[in-house]
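Below: one structure, written as C-alpha cells.
The values are calculated or read from the model by the stated rules, or taken from the named source; none is laboratory data. Note that the coordinates shown come from a computational prediction; the quantities given were computed from them, not determined experimentally. All accessible areas refer to the heavy atoms of the entire protein, side chains included, with ligands and DNA or RNA removed. Shrake-Rupley method; radii C 1.70, N 1.55, O 1.52, S 1.80 Å.
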Amino acid sequence: MVPLVLLVAAAYFYITDKGKFPTSEPSITPETNRFDASFPKPSSTQGKKLDQDCLQRSTAIYDEEITAYEAIERKVGYGRLRDDGYGKGLNTITKEKLVRESQCS
C-alpha cells in the first residue's frame, strides 16, 4: 500500500511541476552568437618565444624524470604512483610538470 501511495504522490508532483521547470530537448540547442565571444589578444612574439623555451625546458625535465621512473619501474617490476624509497612517483612527476607549465604562461 505504501509503495502505491508514494508512486501516486510522485506522479502528482511530476505533473504539477512539469510546467515550472523547463526541460531541455536534445534537438533544441540554445542560440549562441559567436561574435559576442571575447578572445584573448595574442602576446608579443618575444613572449611566445620565451613561453616556448620554458615549455621545452619543462618537457625536457619531464622526459628525464620519466626515463628514470621507467628504469626504476623495470627494476622493481611494477608502476609506482606515489613517492617511495626508489624516488618520485608518477603523480609527483606529473604534478611538477603541470606546475612548471602553468608558470610558463
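Tabulated data for the structure shown
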item	result
Looking only at region 90-104, and only at residues there that are among the charged types (D, E, K, R) and more than 16 Å from THR67 (Cα to Cα), the one that is most open to solvent (accessible area, probe 1.4 Å)	LYS95
Members of region 63-95 that are among the aliphatic types (A, V, I, L, M) and under 22 Å from the mean Cα position of the chain (by Cα)	ILE66, LEU81, LEU90, ILE93
